[in-house]
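Worksheet: one structure, shown below.
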Amino acid sequence: MSEQKFDLIVIGAGPGGYTAAIRAAQLGMSVAVVEKRFTLGGVCLNEGCIPSKALLESSRLFSKATDKFELHGISISPPILNLAKMMQRKEGVVKKLTDGIEYLFKKYGIIRFYGTARLSGQNIEKLHRVVILLNDSNSTFSEPPGNSNTPTSLFIIQGTKILLATGSDPVEPPGIVLDGNVVVSAREALLFDKLPEHLVVLGGSYIGLEMASLWRRLGAQVTVVEMQPQILSCMDRQVSEVLYRALRKQGIHFRLNSRLSLVDHSGKKAVVRITCNADVEEIDCDRLLIAIGRRPFIEETGINDSGILLDANGRIIVDCDYQTSLSGIYAVGDIIPGPMLAHKASDEAVTCIERIAGRTSAVNYNCIPGIVYTFPEAASLGNSEEQLRESAISYNVGKYNFSANGRARCMEETEGFVKILADKENDRILGVHIVCSHASDLISEVAVVMNFGATVRDLSSTSHPHPTLSEAIKEAALDVHNEAIHY
Ligand code: FAD
């Protein structure tokens with residue numbers, strides 16, 4: 001039986017892979033996607049963005065009911081946590097969204113193979129071959145060819161172009177082995193079947209802080225251990241300081257400037273040693289979450305043997321078309337350099353496919369927001385003040401606190417600020433940093449104007465509805481020129 005041929009074979013169906021597949025099908029390409037996970041959507045939909053935000057939402061409601069309802073004049077007896085039901089709701093959210101991708105694949109005629117893909121060189125027609133080790137329970141997704149020369153679990157397809165979108169995996173620190181039970185990654189921390197007594201989180205960045213918030217809000221004791229002198233060292237320092245204070249107020253304990261080692265891990269407990277300069281303390285915990293970053297996941301695709309070039313961090317090097325060092329093989333998402341974010345992966349996917357189709361698309365890497373979905377949320381776009389100082393760029397700053405914003409007062413959510421950094425020479429917006437309950441939604445307005453090279457005057461002269469949190473953006477923009485009204 002001859003091997004099936006496609007215009008494009010996508011390996012991995014996360015936000016990078018599935019978005020690329022849909023866009024390619026929209027542009028008329030024949031597309032196959034190989035995904036080893038039963039459900040589509042990758043880490044984002046199955047064990048990352050979506051389940052974490054579903055649980056953060058539930059835990060936020062729980063803590064609101066405990067702390068905030070009384071302020072609004074609503075008295076209820078202490079809320080009771082039904083963790084099993086909370087987890088069930090989260091699974092339901094994940095299922096609806098992963099089913100949605102499956103529906104879109106069918107709608108666009110995308111062929112899905114359920115198995116692990118490996119690059120297998122080119123044939124004489126210069127088509128790239130991909131060997132798929134099919135998962136046994138696959139029959140509903142693809143029909144193995146029954147070719148007598150190949151085992152039925154192996155299937156080979158050919159593509160004019162290949163797109164690698166195999167994502168990332170958690171980094172394991174030296175000397176600590178994740179057992180998936182006591183010593184865990186975020187994957188398992190989104191599946192706990194009971195409230196941890198004491199959760200120790202190694203890593204005070206995006207994922208560590210979100211997991212710490214989630215379990216703290218539900219009542220666990222939580223200690224975050226961070227090697228740097230501040231949490232979120234990748235963000236503007238004022239953001240990290242305000243968030244640090246807010247999270248401490250919520251009862252999360254922090255050990256900054258500290259290193260962690262595992263002293264004992266037997267049964268259902270662990271003992272960790274935390275070292276900060278000369279101070280050493282040992283803490284008992286029932287869960288230790290490792291959240292010190294993620295690494296590109298390329299092992300199973302055979303990239304190491306393919307001659308595809310990697311950078312010093314093990315990420316695949318691509319050119320402006322997202323083409324790797326091998327002609328016809330492309331890569332997007334967490335496996336290439338840049339922030340490991342779902343929207344970055346999907347933006348790259350669309351751009352890569354459109355460039356293959358001869359269009360002139362590009363990703364503006366200065367306009368990719370990074371969000372931490374704690375309470376309050378933190379959202380950053382462009383340069384931090386520290387980066388501008390380091391690069392000796394002259395800038396103006398405008399800042400506005402939510403304590404002076406009418407809507408924030410109505411909501412009893414006044415923590416945080418908007419800070420806008422603008423070029424002193426030409427007034428262009430260079431960076432925006434927001435800490436507030438809905439920072440993730442507010443930042444998009446500024447992303448749009450920054451993408452069009454807007455000045456601060458463009459932002460401040462635009463009407464913002466009243467009363468909204470977005471008025472704080474206008475006021476911060478006015479403050480860049482010392483013209484804020486409500487300050
Ligand atoms: P992935 O989503 O990792 O998908 C890769 C897919 O490839 C996987 O499904 C994998 O099974 C498959 N695969 C790998 N190798 C093979 C092979 N050889 N054959 C077949 N299939 C293969 N980002 C945000 O923007 N916002 C957030 O709020 C956010 N929250 C997060 C929370 C957590 C807890 C985590 C862990 C991550 C979060 N992220 C968030 C990051 C986001 O999930 C990733 O940046 C995004 O999923 C990367 O997309 P991708 O397409 O590159 O790869």
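Before moving on, here are some points about what is shown:
- Residue under evaluation His481, criteria (1) open to solvent by 30 Å² or more (accessible area, probe 1.4 Å); (2) touching a residue at least 12 places away in the same chain (Cβ under 8 Å); (3) farther than 18 Å from Glu385 by Cβ, criterion not met: (3)
- Residue match in segment 95-103 (condition: in contact with a helix residue (DSSP H, G or I) (Cβ under 6 Å, 6 or more places away or on another chain) and in contact (Cβ under 8 Å) with a residue 60 or more places away in the chain): yes
- Criterion (without any contact (Cβ under 8 Å) to a residue 24 or more places away in the chain and touching a Cys at 6+ places or on another chain (Cβ under 9 Å)) met by exactly one of Val318, Val272, Val263: Val318
- Any chance Leu469 is part of a loop (DSSP other than H, G, I, E, B), modelled with pLDDT of 95 or more, of a type outside the set (Ser, Thr, Tyr) and under 22 Å from Leu243 (Cβ atoms): yes
- Among the residues of segment 13-69, those identified as more than 13 Å from Ile111 (Cβ to Cβ), charged (D, E, K, R) and near the ligand (Cβ under 8 Å from one of its atoms) are Lys36, Arg37, Glu47, Lys53.
- In summary, strands (runs of 3 or more DSSP E) completely within segment 150-236 and bearing 2 or more residues that are of a type outside the set (A, V, I, L, M) occur at 154-164, 168-170, 221-225.
A quick yes/no check of all residues on (1) open to solvent by less than 20 Å² (accessible area, probe 1.4 Å); (2) at pLDDT below 95; (3) over 27 Å from the mean Cα position of the chain (by Cα); (4) not hydroxyl-bearing (Ser, Thr, Tyr):
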residue: Tyr400; (1), (2), (3), (4): yes, no, yes, no
residue: Val418; (1), (2), (3), (4): yes, no, no, yes
residue: Leu421; (1), (2), (3), (4): yes, no, no, yes
residue: Lys424; (1), (2), (3), (4): no, no, yes, yes
residue: Val432; (1), (2), (3), (4): yes, no, no, yes
residue: Cys436; (1), (2), (3), (4): yes, no, no, yes
residue: Ala447; (1), (2), (3), (4): yes, no, no, yes
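- Any hit, segment 283-305, residues being farther than 18 Å from Gly167 by Cβ and in a helix (DSSP H, G or I): yes
- Any chance Arg255 is modelled with pLDDT of 95 or more, surrounded by fewer than 19 Cβ atoms within 10 Å (Cβ to Cβ) and not polar (S, T, N, Q): no
- Odd one out for Pro173, checked against (1) at pLDDT below 95; (2) over 30 Å from Ile274 (Cα atoms); (3) surrounded by fewer than 21 Cβ atoms within 10 Å (Cβ to Cβ): (2)
- Residues that are surrounded by fewer than 21 Cβ atoms within 10 Å (Cβ to Cβ) and among the β-branched types (Val, Ile, Thr), drawn from segment 372-393: Ile393
- Conditions (1) within 30 Å of Gln4 (Cβ to Cβ); (2) out of contact with any helix residue (DSSP H, G or I) (no Cβ under 9 Å at 6 or more places or on another chain); number of the one not met by Leu83: (1)
- Condition check for Thr351: buried (at least 18 other Cβ atoms within 10 Å of the Cβ), farther than 30 Å from Ser213 by Cβ and of a type outside the set (Phe, Trp, Tyr): yes
- Listed by first and then second residue, the pairs with beta-carbon distance under 6 Å, at least 6 apart or on different chains, first residue in segment 184-198 and open to solvent by 40 Å² or more (accessible area, probe 1.4 Å) and more than 11 Å from the ligand (Cβ to nearest atom), second acidic (Asp, Glu) and part of a loop (DSSP other than H, G, I, E, B), are Glu197/Asp286.
- Meeting the requirement of 1 or more residues that are modelled with pLDDT under 95, no strands (runs of 3 or more DSSP E) wholly within segment 306-385 can be named.
- A count restricted to segment 81-103 and to residues that are within 22 Å of the chain's Cα centre (by Cα), open to solvent by 30 Å² or more (accessible area, probe 1.4 Å) and basic (Lys, Arg) stands at 3.
- Residue count for segment 304-325 under the criterion of being in contact with a strand residue (DSSP E or B) (Cβ under 7 Å, 6 or more places away or on another chain) and not charged (D, E, K, R): the result is 10.
- Subset tally (residues that are within 17 Å of Ile9 (Cβ to Cβ) and either modelled with pLDDT of 65 or more or among the small types (Gly, Ala, Ser) (or both)) for segment 136-156: 4
The values are calculated or read from the model by the stated rules, or taken from the named source; none is laboratory data. Because the structure is predicted, anything quoted here is derived from the model rather than measured. FYI the Cβ positions are ideal-geometry reconstructions off the backbone, even for glycines, and counts take in every protein chain you see. Areas reflect the complete protein model, heavy atoms only, side chains present, ligands, DNA and RNA absent. Shrake-Rupley method; radii C 1.70, N 1.55, O 1.52, S 1.80 Å.
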